[in-house]
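The values are calculated or read from the model by the stated rules, or taken from the named source; none is laboratory data. Since the model is a prediction, treat every value here as computed from it, not as a measurement. Note that each Cβ is placed from the backbone with ideal geometry, even for glycine, and that neighbours are counted across all protein chains shown. Please note that ligands, DNA and RNA were not included when accessible areas were found on the heavy atoms of the full protein model with its side chains. Shrake-Rupley method; radii C 1.70, N 1.55, O 1.52, S 1.80 Å.
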Amino acid sequence: MIHLYLGLWVLGAGSLTALGYAYNRTRWVFRQPVENERLIRISGYVTEGAMAFLKREFSVLLPFVLVVAAFLSLGNTGILRFQSLSFVLGAGTSGLAGFIGMRVATAANSRTTHAAQIDIHSALRVSFTGGSVMGMSVVGLAMGGIFIVLGTSALFLVFDINGFLNEILQILSGFSLGASSMALFARVGGGIFTKAADVGADLVGKVEAGIPEDDPRNPATIADNVGDNVGDVAGMGADLFESYLGSIVGAMILGAGALSTDATSFKLAVFPLLVASLGVLSSMIGIRFVRIKEGKSPQRALNLGTFSAAAIAGVFTFVLALLFLGTDTFQNTPDGAAIGWLQIFFSALLGMASGIALGILTEYFTGTDTKPVRSIVKACETGAATTLITGMGVGMLSSFPLVLVIILAILAGNALAGLYGIGIAALGMLMTLGIQLAVDAYGPIADNAGGLAEMSELPPSVREITDELDAVGNTTAAIGKGFAIGSAALTSIILFTAFRNQVGVFTIDLFDVRVLSGILLGAVIPYLFSSLAMSAIGEAAFAMIEEVRRQFRERPGILEDTEEPDYKKCVDISTTSALKKMMLPGIIAAATPVLIGFTGGIEMLTGLLIGVTASGVVLAIFMSNSGGAWDNAKKMIETGEGGGKGSPSHKAAVVGDTVGDPFKDTAGPSLNILIKLMAVVSLVIAPILKSFWG
């Protein structure tokens, strides 16, 4: 048991360190000045709209959380009743992480705009610091939640090793389920909000009215800026919170359950906790390297910080594996192969390398001035139809090499250390999430800063600086999405494996009609889910477009800049649509494994998980990369390529970007959570299913 207590104390220390860092950086952000009165007023609209959305979202989700908690409480006996409290804690910490991140991001937006009046170094520092609060809050709250669940449960099972292996980790899976549920609703709801506003603002403002992006005369601009925070900060934070948590929990379950129940088993169950704690230190050190020098690209500064953190994490993991696992040899059941510390270290290193490879490939297919994106720029010259065809082709092509990387990571991890190796590879990919998420969250902050500069009518030099930061943010966001998809694939596999161990099904007959039916159903679920999300955006965008047109028609003084638009009405349209339309996709994702498990049996549920993972990963890559490529093709044209702003090519590119927005910012990223949520729901109900089917 000493290894468990060691892991708990180290985990608690890591959590406090991350949260302490986030608190310190939050105070620094709020101390930065904002002096322009118009900037203060407009940024206040954005903050007010973002926080109002979150409050209404939480009030809608509270009944769902309570119903699921009651189900878990009634469906379990003994200590497993704590699973319901664990679920509530997971949902609460996931929501809190999004709340903190968005609160700081909305404050950092205006402060980045003010700092851009000084120089690009100051603007990068403020925007990246705001993003680092999101990153470290997610990591700290996830680790803190695990510490509370493990610590509380361990009090009841101090000397019961089998209880630890079978029950505490099952309780911990409830924590992961709570985080997954909240993440899905946050991602889908935030995505519907932001894309409804974005599409409405672009089609009516830029295409019909011919006014610039983020023009304060456009009634949808405030809703668009609110949406960036709701979808790309809070939603993304909840997404990666859940991935990070799932990778730790899954690796612990594999480390505890796949080995014999002697003292050394605890080492492999505790090892992920120690790895996560060292990841906090690695991220904090990497953040210190993000400094932009005169004449250098912000991308270079962000890359330096990210790669430095990864290199430091690799060194830390090597030392940890050597000292903690030492010369012990572990039995990798069921194949009986022996694994040692070196294989486990290389599994973690494999995860880090795979994450970098996924990022590089994603940047190639979606980055500015790459061959695939240039092909879309050229296609824009012949109209919107060829723009859409070429962009979809780029997205489809991109899925092949990215899936190959994921396959290689799975095969290599398994060859090194069996299923535990795959789990450690997934954790290794997410080990430095603190800085990875900071880089991702920096993008929406820089984007909002540019919008605020435009609406506040600051000098063009300010917008030039924010646009340079935003261009880098688009690339980092695309890389982050590829990274999130890869980590989701590995995490879902280890959760699926943990489910298999719980129900005791180690061999699957693919010719069993129940398994085949489950695979087909699982393969179509991502398409149904995406269809619901896309349709919701279409309906919400239609309402937004009609409202913007109405204001332009009934209040001509808006375009003449003699009266202010009704921003609140547009924010309310996005909020109402998002909260109304997010429920059905979320309920389908959570309820399908339960219905199939209790009506079709364990075999059909197993097939369902296989189908949804395979289909969901490929579809997510296609949608995310198509959208990213369309976005950067539009930005290349706006900088002078293919005719520049206002040209027919630009109008075609705007159409492509408008189609790509729900692809890359709503449906695609939400599929990451869909496949993990269905796996963790199956894991939570596994003991009940095993008893039900005898």
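Which of the residue pairs LYS378/LYS664; LYS371/LYS645; LYS581/LYS634 have a Cα-Cα distance greater than 31 Å in the structure shown?
none
Among 679-689, 443-453, what's the highest-first ranking by average C-beta atoms within 10 angstrom per residue?
Ranked by mean Cβ neighbours within 10 Å, highest first: 443-453, 679-689.
Would you calculate the volume per residue, in Å³, of the smallest convex hull containing every Cα atom of the range 607-650?
55 Å³
Can you tell me the FRET efficiency between PHE692 and TYR5 if r is taken as the Cβ-Cβ distance and R0 is 41 Å, rounded to the nearest 0.05?
0.70
For ALA70 and ILE118 in one chain, what is 0.36 nm times their gap in residues minus the Cα-Cα distance, to one decimal in nm?
Here the answer is 11.8 nm.
Please compute the modelled spin-label separation between GLU560 and TRP28, points set 7 Å along Cα→Cβ, answer in nm with one decimal.
Roughly 5.0 nm, to one decimal.
If you average 1/r over all unlike Cα pairs in the range 432-483 and invert the result, what Kirkwood radius do you get in angstrom?
The answer is 11.3 Å.
Round to the nearest 0.05 the FRET efficiency obtained for ALA13 and LEU322 when R0 = 22 Å and r is the Cβ-Cβ distance.
Approximately 0.60, to the nearest 0.05.
What ranking do 612-622, 482-492, 457-467, 389-399 get when scored by the average of other Cβ atoms within 10 Å per residue, highest first?
So the peptides 612-622, 482-492, 457-467, 389-399, ranked by packing, come out 482-492, 612-622, 389-399, 457-467.
Which value in deg cm²/dmol, rounded to the nearest 500, describes the helix-derived mean residue ellipticity at 222 nm for the chain, given -39,500 (n - 2.57) per DSSP H run of n ≥ 4 and division by the residue count?
The helix-only estimate for the chain comes to -28500 deg cm²/dmol at 222 nm.
Computing the accessible area with a 1.4 Å probe over protein heavy atoms, can you report the carbon and sulfur percentage for the chain?
65 percent
Cβ neighbours within 10 Å, averaged per peptide: list 126-136, 338-348 in order, most packed at the top.
Sorting 126-136, 338-348 by mean packing, highest first, produces 126-136, 338-348.
Which entries in the list LYS55/LYS568; LYS569/LYS651; LYS481/LYS580 go over 18 Å, if you measure between the two C-alpha atoms of each?
LYS569/LYS651; LYS481/LYS580
Would you mind getting the accessible area per residue of the range 500-659, heavy atoms of the protein chains only, 1.4 Å probe, in Å²?
Here the per-residue accessible area is 42 Å².
Of all the Cα-Cα pairs you can form in the chain, what percent are over 44 Å apart?
Looking at the chain, the distances longer than 44 Å represent 18 percent of pairs.
Can you give me the accessible area per residue for the range 284-411, using a 1.4 Å probe, in Å²?
That works out to 49 Å² per residue.
So between ILE588 and ARG300, what do we pick up on full extension, going 0.36 nm a residue minus the alpha carbon distance?
This chain segment gains 99.5 nm when fully extended.
Work out the length of the dipole vector of the chain about its Cα centre, built from +1 on the beta-carbon of each Lys and Arg and -1 on the beta-carbon of each Asp and Glu, and round it to the nearest 20 debye.
Charge dipole of the chain: 980 debye, to the nearest 20.
Return the FRET efficiency for the residue pair ARG81, ILE407: r is the Cβ-Cβ distance, R0 is 35 Å, and the value is rounded to the nearest 0.05.
Using R0 = 35 Å, I get an efficiency of 0.30.
Given axes a ≥ b ≥ c from the Cα gyration tensor, I'd like to know whether the range 1-82 is rounded (a/c under 1.5), prolate (a/b larger than b/c) or oblate.
oblate
If I model a spin label at PHE400 and ILE360 as a point 7 Å from the Cα along the Cα→Cβ vector, what separation in nanometres do I get?
Reported label-point gap for PHE400 and ILE360 is 1.9 nm.
Taking only protein heavy atoms and a 1.4 Å probe, what accessible area per residue, in Å², does the range 1-145 have with all protein chains in place?
Each residue of the range 1-145 exposes 40 Å² on average to a 1.4 Å probe.
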